[in-house]
Structure formats: C-alpha cells, structure tokens
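Chemist: What follows is a single structure, and I will ask about it in a moment.
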Amino acid sequence: MEPSGKFRGVYWRQSSGRRHNGKPDRCFYLTFKDGGKKVWEKVGWASDGYTAALATRLRSERIRAVQHGQELPGRKRHVTFGEVWEKYDEWLSGNRKRPRDDRSRYARHLKDRFESVNLRDLSPFDLERLKVDLAKEGLAPATVKHCLVLVRQVFNRAIAWGMWSGENPVRRVKLPAVSNRRERFLSPEEARTLIGELGKHGAQTRDAALLSLSTGMRAGEIWALRWGHVDLANSLLHVADPKGGEPRKVVLTREAAKVISGLERAGPEEYVFPARGGGRIPGVSKAYFDAVKRLGFNEGVTDRRQRVTFHTLRHTFGSWLALEGIPLRTIQDLMGHKTVQMTVRYSHLTPDHRMDAVEKVGKRLGKVEAMAKRGKKKVTDGSARG
C-alpha cells in the first residue's frame, strides 16, 4: 500500500488485473484514529469514480464523527458509561434487594467521573486512579470496593445486553482487601440491658432482637419469616431463603419459642413480623439504633467491626456458643455458615483451648528441666568423688 502524496491519511494499492484509462486500476483507502485505535477503511476503485481527493473528504467526515461521538458507517457507536447506567438503573429495581445503595454510589462517586466516558476508553488505570482518589477522600476500603464492584456490574450488564463486546477493565484491578469480620459481641449483662431498653419503646423490635440473640438468625431471615415456616410443636423454624443460599432449620430455645408463641398468629403466607401497613419489613428499625445510642454502646467507637449493630446479636449467639465449648462444626450448623472457614472466627473463644496447648508444652519443658537437673547433679557428684 502506497501513501497518496499530499493527501494525508489516504493510501492506494495497484491492481494486478484491473485496468483503467490504459493503466493499472487503483483502489483508495483511508485511515484515522478512533479512541487511540488506528482504523482502515476501503474507499473504492478509480474505475468506479473514486479519487484521493474524495477519500480525503470522507476521512474528514469520519474524524468529525469520532470527535462528536457519532455513529460511523457500518460500525456501532461507542456507548458511554452513563448510557449503560441508564439501562442498568431501570434493571436495578427488579434485580437488587437494595437498589438505592447502587444509585447512591453512582451519584456520589462515579457519575461526575465516568458518565460521559466511552466504555472503550475506560481503562484499568482509570479505575486504579479512582481507588486512590476515593481513599484520599477518607472512604473506607469496603466503600471503595463496592464502587469498583458496581463498575464491574455495569460492564457485565453492557456485555449481556450487547452494548459492549470488549474486556471488563475491572478484571485487571486488584480490589481493596476488606475485613468485615465482627469482633464485638455482647456480654450477658449488656444483652439484658439492650433487650430491656428495646422493650420500653416497642415490642416488635425487642422480639426480633431476642429471636436473633437466641437463634443467630440474620435480620433479613427474620423479616422473611412466614407463619408457614413455624413449627412450634418441634421447636423449629424453617429459614427458606438464607444469605448462604441453602435452606436450613433453626432450633428454638425456650426464650425464642416464647417470643413466637406470644405473637398474633396469621395465615401460613403472612409474615411473622409484618410491616406496619402489612407486607415485609424493609430493614432494621430506627428504634433499635436509637436504643443502642441511648445505651452508649458505640460512643467513641470508630472501627466498624467493634460497633454494635443488629448483626452483633447474631455474632453474640455464635460467640456464646464458642465460650460454652460447643464444637465448631455444631456452631457452623446452627448459624448456617456455608463453610467451616466462616466459623473459625469463633475458635479463639473456645474455653482454655490455647491454655491447654501451652500447658502441654510447659509440662514437656518441665520434664526437660528435671532431666537436665538430674544430669547436672550426677556430674557434680562424680566430680566430688574424684
């Protein structure tokens, strides 16, 4: 292929068989950059009326289209992150339990930065820079991770909907390491105080909290509980849609059974803890957090793992089991953990397990010292006799 002299970006190649005006026919091509990528386009043969000047005019039109984000002939227009988000936003409502979280992250952290950026131009480097900037703003690693995961989800949806066919750039970005493991659990006295405080301001929140504390159920599992899932005769609850994905049976303690027995029973499809206007409760009530605040449990606490939340009740249940010496495999089953690795966090609470191990080493050391003393004594006695 030969450059066409003064016509920048225009090339031609000579045919070995076609003739035009008594000379070998020429086919003209143009080239330009689209998003940093070099694009070649065939214009046509001189015998069909195409010239280098015409190819130059077409090239100018292509460059202008790229600059204004317009669709090129025979090619899909490059879609922007904001355009995919509009479709993703519609999709959210029926496919995410808490769509407002994604919408809030997009509005606060992604919109101004990526709304007008073409997907093809959004690189792993841009996402690394996003990571750094959000961290500088003081955002927690978990929030930064959620933002990157949201970008990944938008790209995945764009691919699924045929709006994008490239690689998801988030695949080349290392997500921030996040430790969400709760460490704070309540003492029996703190638990009694909290339940009592909740009881002063409403029975439903108190009963839900007591049920979580007695069974280790998650808040979402309690709100999803229907009367058809209750088997008081056998002191069992059926958790139909747990976080881990596997339905399980929950054993009721006397306190938990008493809570359920004290509620007004309804039809099998009705919720055990219904919302005020009927239907499912959307989340933990403000009354719970107000009680925690009045008791000062979170005063001066900055580490989120040490803060008392509703999930602290579940963590307290697991911690108390461990403190009573219950085997980890049993704790895993009672809490509905998918893997035993999730239960290992309670192993440090197993009574005296570390002390027993250290004592065994201590006994061996004691024997070694005793043997050393006996050996030393024999040597001393032998020296005296000599």
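Since every read-out is calculated from the coordinates, none of them should be taken as a lab result. Given the structure is predicted, the values throughout are model-derived calculations rather than measurements. As a convention, Cβ positions derive from the backbone with ideal geometry for all residues, glycine included, and neighbour counts pool all protein chains shown.
Chemist: Please arrange 323, 54 by counting, for each residue, the other beta carbons lying within 10 Å of its beta carbon, fewest first.
Modeler: Ordered from fewest to most neighbouring Cβ atoms within 10 Å, 323, 54 come out as 323, 54.
Chemist: Angle, helix 141-160 long axis vs. longest principal axis of the chain, Cα atoms, 0 to 90°, nearest 10?
Modeler: Once rounded, one gets 50 degrees.
Chemist: Which of 40, 27, 17 sits closest to the plus end of the dipole of the range 14-64, meaning its Cα is farthest towards the positive end, when Lys and Arg get +1 and Asp and Glu get -1 on the C-beta?
Modeler: Checked the options; the winner is 40.
Chemist: Quote the charge dipole size of the range 188-343 about the Cα centre in Debye, to the nearest 20; the model charges only the Cβ of Lys and Arg (+1) and of Asp and Glu (-1).
Modeler: Roughly 240 debye for the range 188-343.
Chemist: Which entries of 87/286; 111/145; 87/145; 38/136 show an alpha-carbon separation above 28 angstrom in the structure shown?
Modeler: Too far apart for the 28 Å limit: 87/286; 38/136.
Chemist: Positive end of the dipole of the range 98-180, charges at C-beta (+1 Lys, Arg; -1 Asp, Glu), about the Cα centre: which of 110, 164, 149 has its Cα farthest in that direction?
Modeler: Most positive-ward Cα: 149.
Chemist: In the chain, once you exclude exposed GluC sites (Glu not before Pro) (DSSP loop, at most 15 other Cβ within 10 angstrom), what's the longest stretch remaining?
Modeler: No qualifying site falls inside 184-263, the longest such stretch.
Chemist: Here is a further query. Can you tell me the dipole magnitude for the chain around its Cα centre, using point charges on the Cβ only (Lys, Arg +1; Asp, Glu -1), in Debye to the nearest 20?
Modeler: So the dipole magnitude of the chain works out to roughly 1720 debye.
Chemist: Related question: Can you order the peptides 19-30, 149-160 by their average number of other Cβ atoms within 10 Å per residue, highest first?
Modeler: Top to bottom by mean Cβ count within 10 Å: 149-160, 19-30.
Chemist: How big is the gap, in Å, between the Cα center of the range 109-183 and the Cα center of the range 192-218?
Modeler: The distance from the Cα centre of the range 109-183 to that of the range 192-218 comes to 38 Å.
Chemist: Okay, next question. Kindly write out, for the range 199-215 in residue order, the coupling ³J(HN,Hα) from the Karplus curve 6.51 cos²θ - 1.76 cosθ + 1.60 (θ = phi - 60°), rounded to whole Hz, with x marking Gly and Pro.
Modeler: x, 6, 10, x, 6, 5, 5, 4, 5, 5, 5, 5, 5, 5, 5, 8, 10
Chemist: Report the local net charge at residue 226: Lys and Arg +1, Asp and Glu -1, summed over other residues whose C-beta lies under 10 Å from its C-beta.
Modeler: Spelling it out: positives minus negatives among the neighbours equals -1.
Chemist: Quick one: pull the percentage of alpha-carbon pairs in the range 217-258 with a separation above 14 Å.
Modeler: Of all Cα-Cα pairs in the range 217-258, 42 percent lie more than 14 Å apart.
Chemist: Would you compute, from DSSP H runs of 4+ residues alone, the mean residue ellipticity of the chain at 222 nm, taking -39500 (n - 2.57) per run and dividing by the full residue count, rounded to the nearest 500?
Modeler: Counting only the DSSP helices, I get -14500 deg cm²/dmol.
Chemist: For the range 40-48, just list the computed ³J(HN,Hα) in residue order, Karplus coefficients 6.51, -1.76 and 1.60, θ = phi - 60°, integers in Hz, with x standing in for Gly and Pro.
Modeler: Going residue by residue, I get 10, 9, 6, 9, x, 8, 4, 5, 9 Hz, with x marking Gly and Pro.
Chemist: Sorting 342, 1, 217, 335 on the 10 Å Cβ count, fewest up front, what's the list?
Modeler: Neighbour counts put them in this order, fewest first: 1, 342, 335, 217.
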